[in-house]
Amino acid sequence: MEDEQPLAGGNAAGPVVRVGDTVRKAWTASTPSVSSYVDFLRSAGVDTPRPLGRDAQGRQVQEFVPGPLAMDAQALSRAQLRRVGGMVRAIHDASAAFVPAVDACWHSPIPAPDAELVCHNDLAPWNLIRGDRWVFIDWDAAAPSTRLWDLAYAAQTFTLGDVGRDPADAAQDLACFVTGYRADARLRTALPSAMARRVDAMVHLLRSSEVSGVEPWASMSADGHGEHWEAVGRYVTAHERVWREALTAGA
Ligand SMILES: Nc1ncnc2c1ncn2[C@@H]1O[C@H](COP(=O)(O)OP(=O)(O)OP(=O)(O)O)[C@@H](O)[C@H]1O
Ligand SMILES: [Mg+2]
């Protein structure tokens, strides 16, 4: 049996390990639907970890993608933020053509406002491998959602995650990310309040789970994630006008 090497950086899925060129992670009821969605994206030209079925212990097997997480590497430049915005757009455009099976099963802990297309739902610096290939990992929370809701989360996590930053400076990063997405005027206008609602939804998931005891959110909430997301919520809400001005400048 090959060595199993624990992989750090995740919170939600329980143990995630590397075995050779593969990753092993818990198999859940939604894994078959997620795998067929990921296979579809790959056939449409989106680079993702390749799903490789199930191992003898019943775990999901997927391709190991080498490289650091964006969260652990040097801060992304504005050109790189545009690139990531473009990656999100490519994922959405490919997803728009995906038709889930009638009995598809999805599990995403945060409810989406509508079901426009299947989205990743956790496009964040902790799920982007930035090696020779730039690849979003951790597709387990994929589920129907909307471009606006998925983009709001990605744009916020990549550009408005540091509440100590000068909002005017962060707003320029945000504008680059959203330009990379090639967002139209409707999306640009809707994003500031959507980002605030999306952060609120995360705070609600964490804090309400702390009360009900639902894991892993209860422990994450108590371990500092609750405070972190509340601070992000205050930052994103307090400077909504700065985000709006940066996003609609010149429009
Ligand atoms: N396909 C992959 N290729 C390379 N590394 C991976 C891959 N999948 C997972 N990892 C590594 O394992 C860690 C945990 O995996 P993953 O993000 O899937 O778990 P998680 O608990 O669902 O995370 P999260 O808290 O983001 O929901 C990642 O942060 C990454 O370092
Ligand atoms: Mg992850």
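The values are calculated or read from the model by the stated rules, or taken from the named source; none is laboratory data. None of the values given here were measured: they were computed from a predicted structure. We place every Cβ from the backbone using ideal geometry, glycine too, and count neighbours over all the protein chains shown. Only protein heavy atoms, including side chains, enter the accessible area calculation; ligands, DNA and RNA are left aside. Shrake-Rupley method; radii C 1.70, N 1.55, O 1.52, S 1.80 Å.
Working only within segment 31-82, note down all residues that are aliphatic (A, V, I, L, M) and in a helix (DSSP H, G or I).
Across segment 31-82, the qualifying residues are 34, 38, 41, 79, 81.
Quick one: which of 38, 65, 46 is near ligand 1 (Cβ under 10 Å from one of its atoms), touching a residue at least 40 places away in the same chain (Cβ under 8 Å) and surrounded by 15 or more Cβ atoms within 10 Å (Cβ to Cβ)? First the steps, then the outcome.
Working: 38 fails: near ligand 1 (Cβ under 10 Å from one of its atoms); 46 fails: near ligand 1 (Cβ under 10 Å from one of its atoms).
Only one candidate qualifies: 65.
Checking residue 204 against (1) touching a helix residue (DSSP H, G or I) at 6+ places or on another chain (Cβ under 9 Å); (2) away from ligand 1 (no atom under 16 Å from the Cβ), which single condition isn't satisfied?
Condition (1) is where residue 204 drops out.
What number of residues within segment 80-119 are open to solvent by 60 Å² or more (accessible area, probe 1.4 Å) and small (Gly, Ala, Ser)?
Within segment 80-119, residues that are open to solvent by 60 Å² or more (accessible area, probe 1.4 Å) and small (Gly, Ala, Ser) number 4.
Out of all the residues in segment 209-228, is one or more in contact (Cβ under 8 Å) with a residue 24 or more places away in the chain, under 20 Å from residue 113 (Cα atoms), in contact with a helix residue (DSSP H, G or I) (Cβ under 8 Å, 6 or more places away or on another chain) and within 16 Å of ligand 2 (Cβ to nearest atom)?
No.
How many residues does segment 71-97 contain that are touching a strand residue (DSSP E or B) at 6+ places or on another chain (Cβ under 7 Å) and over 16 Å from residue 47 (Cβ atoms)?
2
Please give the helices (runs of 4 or more DSSP H) falling wholly within segment 146-224 in which 1 or more residues are in contact with a Phe, Trp or Tyr (Cβ under 6 Å, 6 or more places away or on another chain) and surrounded by 18 or more Cβ atoms within 10 Å (Cβ to Cβ).
147-159, 167-180, 185-212
For segment 206-251, how many residues are aliphatic (A, V, I, L, M) and more than 19 Å from residue 151 (Cβ to Cβ)?
Qualifying residue count for the region: 8.
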